[in-house]
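Here the structure is laid out as structure tokens; the discussion comes afterwards.
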Amino acid sequence: MAISSLSAAQISALSVTAIQGLTTTDIQSLNGTQIAAISATGIGALADTQVAALSTTQVKALTATQIPKFATSVVFDVTQLTQLSTQQVSALTSTQLAALDTSHIAVLSATQLGALSATNFSGLDSTQVGQLN
């Protein structure tokens, strides 16, 4: 059975092992509703290559509850970052923001930056702060 044929309820019930076993093709076949249904634990189990496979449409479907659950080592690419809503950006943890390099920081819009709290900003170093537009 193709992963794309699973319901949102079935996707949310997938084990961490099942999530980790998804290929990038499997990830790319999921629609927004299915992406939003991945459990917080499942989101935290996604590997860098799986996150890199997310389309901009799929990134837009991520919930503010899912965003802080991504592993700290996982960094959205520049295109994915530009697609995050203000609600999604505000859900980034200070540790996740600290993991962004200057090219990632530089693409955040004024609207996205305005969504960050003092706690979010606490993770940025002086080089990253220098890249803020």
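Numbers below:
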{"read-out": "In sequence order, calculated HN-Hα J values of region 86-96 (Karplus, 6.51, -1.76, 1.60; Hz; x Gly/Pro)", "value": "4, 5, 5, 4, 5, 7, 5, 7, 4, 5, 5"}
{"read-out": "Highest-first arrangement of 77-87, 15-25, where packing means the average Cβ count within 10 Å", "value": "77-87, 15-25"}
{"read-out": "Karplus (6.51, -1.76, 1.60) ³J(HN,Hα), θ = phi - 60°, over region 30-40, in Hz, Gly and Pro reported as x", "value": "7, 8, x, 5, 5, 4, 5, 8, 5, 5, 4"}
{"read-out": "Contact order normalised by residue count of the chain, Cα under 8 Å, 6+ apart, percent", "value": "19"}
{"read-out": "Protection-proxy order for peptides 112-119, 99-106, each taking the mean of Cβ atoms within 10 Å per residue, highest first", "value": "99-106, 112-119"}
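Quick note: the coordinates plus some simple rules give every number you see, no bench work behind them. Bear in mind the structure is a predicted one, so any value in this text is a computation, not a measurement. Cβ coordinates were reconstructed from backbone atoms using ideal geometry, including for glycine residues, and neighbour counts include every protein chain displayed.
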